Amino acid sequence: MNAYEIIVRPVLTEKSYAGIQNKVYTFIVNKDATKIDIKNAVKEIFKVDVAKVNTINYKPTTKIQNTKAGRTKGKTASYKKAIVTLTEDSKPIEFFESLN
């Protein structure tokens, strides 16, 4: 896998915005990626120094929806989220700087 296949997209929520000031960034990543793969991908794409990576696996949940045609049942998608902390002397990621 190359770096662009590992990092799927950034997570842009209120909680992730709060971490930007402390150089903590959140990404949705490939489910097969390890912490070392994620660390190397962030280094390669954004040219920053990574201190640590925390990952969370989200399992699908069942959703029931009531419609005019009756009840329908479905599942949400499963995904993996990575919380990346940069070193103190590292420069911030430029993509997130415009969001503050």
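The values are calculated or read from the model by the stated rules, or taken from the named source; none is laboratory data. Only a predicted model underlies this, so the values are computations on that prediction, with no experimental measurement involved. Counting neighbours? That spans all protein chains shown, and the Cβs are built from the backbone with ideal geometry, glycine included. Side chains included, ligands, DNA and RNA excluded: accessible areas come from the protein's heavy atoms. Shrake-Rupley method; radii C 1.70, N 1.55, O 1.52, S 1.80 Å.
Would you check which residues across the range 24-42 are loosely packed, with under 15 Cβ neighbours inside 10 Å and either not β-branched (V, I, T) or not in a helix (DSSP H, G or I) (or both) and list them?
Going through the range 24-42, the residues loosely packed, with under 15 Cβ neighbours inside 10 Å turn out to be 31-32, 34, 36.
Scanning the range 24-42 gives K31, D32, T34.
Of all residues in the range 1-23, those being in a loop (DSSP other than H, G, I, E, B) and among the hydroxyl-bearing types (S, T, Y) number 1. For Q65, the conditions (1) assigned to a loop (DSSP other than H, G, I, E, B); (2) touching a Ser or Thr at 6+ places or on another chain (Cβ under 8 Å); (3) open to solvent by 100 Å² or more (accessible area, probe 1.4 Å) are fulfilled apart from (1). Of the candidates K52, K91, K81, the single residue that is modelled with pLDDT of 90 or more, open to solvent by 60 Å² or more (accessible area, probe 1.4 Å) and in a strand (DSSP E or B) is K52.
For the range 1-23, name all the residues that are open to solvent by less than 70 Å² (accessible area, probe 1.4 Å) and either within 11 Å of A82 (Cβ to Cβ) or basic (K, R) (or both). Passing the criteria: I6, I7, P10, V11, K23.
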